[in-house]
Amino acid sequence: GGSIPPGSTRSTPASALRVKDGPPQSERHIIMVALVLGILLAIIAIAMAKDVTLPPRAFALAMLILPAIYMLFALLAGDGTAMAWELVYGLPFIGFGLLCFTRGFKASGILVVALWALHAAYDVYHHALVANAGVPGWYPAFCFGFDVMMVIHLARVVAHQKNFDIYASDSKTAP
């Protein structure tokens, strides 16, 4: 073969597959495992909710937990600024979650599904919105997997609610 000029490298199949930007391979592996675990935990939570006949509106109340977890990470990191921003971004989830849980209204189920979907997007873009050093690198992927499964499940449940009202008690389908 020919000689390689000084300062250049020969491309090998392994180096061609290496991602130059982004997390290292081991971190990507952890993120993928976290995503799968989030999906599995959601499936377990949905199955358990069916077993105890949890009303669909309970999933509206569960939206209060979503911002609280990110706030807890900020608290554990001792970062008051991140905690304040997590609260600001979490207020819609808290407010509408409480409203849909306590009152319900025509199309409240659609709002709950939309908010869970919005939280999945928040997980993906969290790093760009809040500098929260307390959030483990794997957590947004885990939460995203969980949120997506909840969106799929709740969309199916809400489709059977009268007037798409998450509070309605005449659901044809248990959660």
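The values are calculated or read from the model by the stated rules, or taken from the named source; none is laboratory data. Predicted, not measured: the structure shown is a model, and the values here were computed from it. Counting neighbours? That spans all protein chains shown, and the Cβs are built from the backbone with ideal geometry, glycine included. Each accessible area value is taken on the protein alone, full model and side chains, heavy atoms only, with ligands, DNA and RNA left out. Shrake-Rupley method; radii C 1.70, N 1.55, O 1.52, S 1.80 Å.
For this structure, a couple of remarks:
- Output for region 84-100, where each listed residue is open to solvent by 50 Å² or more (accessible area, probe 1.4 Å), touching a helix residue (DSSP H, G or I) at 6+ places or on another chain (Cβ under 7 Å) and in contact (Cβ under 8 Å) with a residue 40 or more places away in the chain: Y89
- Of all residues in region 101-115, exactly one satisfies the criterion of being hydroxyl-bearing (S, T, Y) and buried (at least 20 other Cβ atoms within 10 Å of the Cβ), namely S108.
- All of L118, L41, L37, L75 fail the test of being over 15 Å from the mean Cα position of the chain (by Cα), surrounded by 13 or more Cβ atoms within 10 Å (Cβ to Cβ) and either in a helix (DSSP H, G or I) or without any contact (Cβ under 8 Å) to a residue 60 or more places away in the chain (or both), apart from L75.
One line per residue, one yes/no per condition, for (1) closer than 23 Å to L115 by Cα; (2) touching a strand residue (DSSP E or B) at 6+ places or on another chain (Cβ under 7 Å); (3) among the polar types (S, T, N, Q); (4) at pLDDT below 50:
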site: P5; (1), (2), (3), (4): no, no, no, yes
site: S11; (1), (2), (3), (4): no, no, yes, yes
site: L17; (1), (2), (3), (4): no, no, no, yes
site: D21; (1), (2), (3), (4): no, no, no, no
site: R28; (1), (2), (3), (4): no, no, no, no
site: A45; (1), (2), (3), (4): yes, no, no, no
site: L54; (1), (2), (3), (4): yes, no, no, no
site: R57; (1), (2), (3), (4): yes, no, no, no
site: L61; (1), (2), (3), (4): yes, no, no, no
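- If you go through region 121-137 and pick out every residue that is free of Cβ contacts under 8 Å to residues at least 24 places away in the same chain, of a type in the set (A, V, I, L, M) and open to solvent by 50 Å² or more (accessible area, probe 1.4 Å), you end up with 2.
- The single condition from (1) on the phi < 0 side of the Ramachandran plot; (2) out of contact with any helix residue (DSSP H, G or I) (no Cβ under 6 Å at 6 or more places or on another chain) that T53 fails is (1).
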